[in-house]
1. So what is the accessible area of the chain per residue, in Å², with the probe set to 1.4 Å?
2. So if each residue of separation counts as 0.36 nm, and I subtract the Cα-Cα distance between PHE180 and LEU385, what length gain in nm does that give?
3. Can you give the accessible area of TYR291 in Å² (nearest 10), computed on protein heavy atoms with a 1.4 Å probe?
4. How high is the relative contact order of the chain, in percent, with contacts defined as C-alpha pairs under 8 Å that are six or more residues apart?
5. How much net charge surrounds GLY272 when only the other residues with a Cβ under 14 Å from the Cβ of GLY272 are counted, with Lys and Arg +1 and Asp and Glu -1?
6. For the full complex of protein chains and a 1.4 angstrom probe, list ASP207, ASP124 by accessible area with the highest value first.
7. With the chain treated as a Gaussian network of Cα nodes joined by springs under 10 Å, which of PRO103, PRO29, PRO220 yields the largest mean-square fluctuation?
8. How many angstrom separate the Cα center of region 128-190 from the Cα center of region 398-412?
Amino acid sequence: MDRTWKLHGDGTRVEPGRVVRPDERLRTPNMLGLGVQHVLAMFGSTALVPVLTGFPVSTTIFFSGIGTLLFVLMTRNRVPSYTGSSFAFIAPVVAAKADGGLPVALGGIFVAGAVVFLIGLLVDRIGTKPLEWLLPPAVTGSIVALIGLNLAPTAKDQFTQQAGVALVTLVAIVVIGVAFRGFVSSLSVFLGVVVGYVFAAILGKVDWSGVHDAAWVGLPDFATPEFQWRAILLIVPAVVLVLLAENAGHVKTVGAMTERDMDGDIGRSFMGDGAATMVSGLFGGSATTTYGENIGVMGLTRVYSTLAYVIAGVAAIALGLLPKFGAIIAAIPIGVLGGAVTVLFGLIAVLGARVWIDAQVDFRDPVNLITAAVAIIVGAGNYTLNWGDYSFAGIALGTVAAIVTYRVLRLVQHRDHVPPTEGLPAVAPADAIAPLPDGEAAGADARRA
């Protein structure tokens, strides 16, 4: 440990005006506490995604831990991040799973991870300029927003099935998120789900049969992928660009917080995220992404040590080896999920607007305005394009619409020599990827999203 992480100050506290950098650490008891905090921060979203997609909860948690350790290794101990379940995969994975079952969905997840890994390898060799050209803030914000809006019908369906329980859960999340500050506020979704779960249990709306039958200790339920082009084309276009934008934003955010230029680590961060998703998809877990929730914890504690994530990863692996624990999570009533995703999916949509605001995207420029308008309606309306035996819908089609619309209109604009911002105040460069928000429960999924 001493060779990998240097002791920060006396190891008992963060020195005033400083942060604990990724290659530093505090003393072991302090680091153990920080590792547990990161487990709590990621847990709500990481456990919720497999419940929504019908994946094994214990398996997902287990491979989120393995993926985090792999991520730290792939980034050479330079990028602190937890790789938890990605919300961007929910809609396409559910569609692929309904069409061909769990193995087919896992095949799509594995290929998506492989694509992210290969892009990361390329970025690590040639730099981030091509990525910044492909994903300017106007496009990135549109993609994030349309993911949340595309998932709105799912939230409505789950909410209305147990409206009373859903409403209690929703109110609890909102009140905890607003009435409290700091770390408790960052856990508002997790704590709100606990409140809703207890309320549903009191009403007798929880099915405990799976919990009674589950063993206390045992290996997670493993599964292997099956590769079908339909599932691959359904999943990969819908999520890869979202993962890249989210991941790059997180690296830039951590770099700003630690006052370090971390752009050179973006390629390896992609590779780490891709490798984590590949391993998870290879054995039955949900796809992963870097988590904004955990960046929020780092901002609160000023501790960016990767050792905290090694500890969190090991703790998640241990939790994955407790089937009864996974069964308790899997027993969450549909109404509790409905209340939680009403907030989470809404946050994803709003985070898209946050990307625009942070990057000062100028919507008086018709290219930005039309790009957002077309992409959001295509995604939210779940437009479908059929091509032979294949169909592209919702998130995938909206993502392609955002990229193609922006680049074509920008080309037309430049050809006609129309200055997009003539006479307008200066704004941030259009080709800079805006950092995604940190400390938000959904950010990620757009991350999480």
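1. Numbers: 17790 Å² over 449 residues.
Per residue, the chain has 40 Å² of solvent-accessible surface.
2. On the way: separation 205, 0.36 × 205 = 73.80 nm, distance 4.54 nm.
Residue separation times 0.36 nm, minus the Cα-Cα distance, leaves 69.3 nm.
3. TYR291 has an accessible surface of roughly 0 Å² with all protein chains in place.
4. Details: 987 pairs, mean separation 147.9, N = 449.
Over the chain, the number comes to 33 percent.
5. Working: positive: ARG76, ARG78, ARG268; negative: ASP124, GLU246, ASP265, ASP273.
That sum, taken over residues with Cβ under 14 Å, equals -1.
6. Working: ASP207 105, ASP124 45 Å².
The residues order as ASP207, ASP124, largest area first.
7. PRO29
8. Cα centres, region 128-190 to region 398-412: 26 Å.
The values are calculated or read from the model by the stated rules, or taken from the named source; none is laboratory data. Computed from a prediction, not measured in an experiment: that's the story for all the values here. Cβ: placed from backbone, ideal geometry, glycine included. Neighbour counts: every protein chain shown. These accessible areas exclude ligands, DNA and RNA; they are computed on the full protein's heavy atoms, side chains included. Shrake-Rupley method; radii C 1.70, N 1.55, O 1.52, S 1.80 Å.
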